[in-house]
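All remarks here apply to the structure that follows.
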């Protein structure tokens, strides 16, 4: 059934609320700023009616959010002002309108000190502890789901569409609960790998999962001057290698706070705080520490402004200033800012190279994004990045920032240094072995090269790999509701719209690809649902081993993941459509393959 249109112009009414403007939209709802009797609210309207053939159950999700919020009353949790139905039958929620910024935007604008950041997270932990005490789990904690109110600086937790509580019914048949992949605890992906053939297996979300997400939020704010900018990086839940401690990336982070974040991001759930109330106490204790280092901005404001200009290309021709005097000891050998833990602005090829070396497949696609450390336009494809060897040396290559336990290392360690002597227990349980660090060194050295240069230099596994993914809710909804596609469903297309079907085409791994449905396709269902001229937008990847869905396909293989489609005369829609094609030749980061092939809609790949 056709979904209910939700485009509301300013002045329209929703059950007495006058629409001022649209604030945003997601896969399940659209949000408008509304006014009623001089009071402003964020009006969240479900995308479908209760009886509209809503297979993604957006109405039920909005009702679930309403139920969760009605059970809560906390100053740092968004409140419900009203609820009801629009004239078209869509359920709506009237929520507090929080005038302010997301947590990431606030960090960039406010330039908070460590103590100010701790104050915000202590209040968030208190709100989570209150929630958890009432049996409610948020399940989608991330920087964009926390707003900092402009008038008083209070953090407000929003978006409970993924929340779960004792009275909530299961809305999906997925193995993992809804959420954002980069904030998921590693045990969720481990569960998915262990139960991938058990269609009825469902992961039980725990408080430990919420704690890991808080750790990701803290690590991002402590290590990235511009957290709203996109950086080429591995997620903190990368399956094989733990992230560097925050203090080793940013020398301004106090050691105790770095240790707390490291425990939150532990691969072992039992190493994290026992619950969010315990986390709140630890944050409060750190905030009360009178030491002056807690009153220093987390990132120098000048550096954050410079990073913002670099993101827009304004400073691409200027050299980075030398490291300031605040960095000393082992910290002086690290880059000015390392993004997360991969130093310098290496591209997607470098991340895939590291993934290959560590022998595991990352958990979500890594898209090319503008890094605050990136080189001038075109540099990634022409010459290695100009980064000094010491700055590129990760733990385990050269002088290690993690000293070997023992009297000798204790004698060398100086006050104020970022050198940290781990206990034997931490060394054996929490850190990668020395051999793995050596592999990391090779990976980061190769990461400074473009893909072609890495291949010519003999860097092992220099390829851009597709990563396993679960189709996002918005894409599933678009395919089923708007496009009326089934899963699986096969469509034939030319992989690159610039060439004919019978041509052999070179594809650059990691590059954008636009495919097209050519003339002459006679398959009746395809003619009806993806007619001639339909364009698919995605990226090309190279597989040197068996990973895809088609066991008959020889290796190596070209894989193209198309994530958008545009039918003639219609709006662009998000999709999950994968093409696998035999490779005829591999050369300098490019693969040759025939241009015509059938692809398939997927719920999960591989």
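The values are calculated or read from the model by the stated rules, or taken from the named source; none is laboratory data. This one's a predicted model, so the numbers in the text were calculated from it and none came from an experiment. Backbone-built Cβ (ideal geometry, glycine too); neighbour counts: all protein chains shown.
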Filter result for residue 69 (surrounded by fewer than 22 Cβ atoms within 10 Å (Cβ to Cβ) and part of a helix (DSSP H, G or I)): yes
Matching residues, region 289-309, being closer than 14 Å to residue 224 by Cα and either modelled with pLDDT under 90 or part of a loop (DSSP other than H, G, I, E, B) (or both): 298, 299, 300, 301, 302, 303, 304, 305, 306, 307, 308
Hits in region 94-147 (condition: farther than 24 Å from residue 235 by Cβ, touching a strand residue (DSSP E or B) at 6+ places or on another chain (Cβ under 6 Å) and part of a helix (DSSP H, G or I)): 123, 127
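Suppose we keep only residues that are part of a loop (DSSP other than H, G, I, E, B) and over 14 Å from the mean Cα position of the chain (by Cα) within region 472-484. Which one would you say is farthest from residue 566 (Cα to Cα)? Spell out how you get there, then give the answer.
From region 472-484, those part of a loop (DSSP other than H, G, I, E, B) are 472, 483-484; that's our starting set.
Imposing the further condition that a residue be over 14 Å from the mean Cα position of the chain (by Cα) reduces the set to 483-484.
On the way: 483: 10, 484: 14 Å.
Checked region 472-484; the qualifying residue farthest from residue 566 (Cα to Cα) is 484.
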Lone unmet requirement of (1) surrounded by fewer than 20 Cβ atoms within 10 Å (Cβ to Cβ); (2) closer than 17 Å to residue 212 by Cβ; (3) modelled with pLDDT of 95 or more for residue 261: (1)
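With respect to residue 518, determine if the residue is part of a loop (DSSP other than H, G, I, E, B), modelled with pLDDT of 90 or more and surrounded by 15 or more Cβ atoms within 10 Å (Cβ to Cβ). Quick ask: steps written out before the conclusion?
Details: part of a loop (DSSP other than H, G, I, E, B): yes; modelled with pLDDT of 90 or more: yes; surrounded by 15 or more Cβ atoms within 10 Å (Cβ to Cβ): yes.
Spelling it out, residue 518 is indeed part of a loop (DSSP other than H, G, I, E, B), modelled with pLDDT of 90 or more and surrounded by 15 or more Cβ atoms within 10 Å (Cβ to Cβ).
Out of everything in region 21-38 that is surrounded by fewer than 17 Cβ atoms within 10 Å (Cβ to Cβ) and either in a strand (DSSP E or B) or under 30 Å from the mean Cα position of the chain (by Cα) (or both), what residue ends up being modelled with the lowest pLDDT? Please lay out each step first, then the result.
First, pick out the residues of region 21-38 that are surrounded by fewer than 17 Cβ atoms within 10 Å (Cβ to Cβ): 21-26, 35, 37-38.
Going one step further and asking which of them are either in a strand (DSSP E or B) or under 30 Å from the mean Cα position of the chain (by Cα) (or both), we end up with 21-26, 35.
Working: 21: 91, 22: 89, 23: 88, 24: 81, 25: 74, 26: 69, 35: 93.
Selected residue: 26.
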Residue in region 156-169 that is out of contact with any helix residue (DSSP H, G or I) (no Cβ under 9 Å at 6 or more places or on another chain) and either surrounded by fewer than 21 Cβ atoms within 10 Å (Cβ to Cβ) or not assigned by TED's automatic domain parsing to the domain that holds residue 246 (or both) present: yes
Sole exception among (1) more than 24 Å from residue 162 (Cβ to Cβ); (2) at pLDDT below 90; (3) surrounded by fewer than 23 Cβ atoms within 10 Å (Cβ to Cβ); (4) in contact with a helix residue (DSSP H, G or I) (Cβ under 6 Å, 6 or more places away or on another chain) for residue 235, by number: (1)
Residue match in region 541-562 (condition: over 23 Å from residue 467 (Cβ atoms), surrounded by 13 or more Cβ atoms within 10 Å (Cβ to Cβ) and modelled with pLDDT of 90 or more): no
Residue in region 181-194 that is more than 21 Å from the chain's Cα centre (by Cα), surrounded by fewer than 16 Cβ atoms within 10 Å (Cβ to Cβ) and modelled with pLDDT under 95 present: yes
Members of region 81-93 that are surrounded by fewer than 19 Cβ atoms within 10 Å (Cβ to Cβ) and part of a loop (DSSP other than H, G, I, E, B): 87, 88, 89
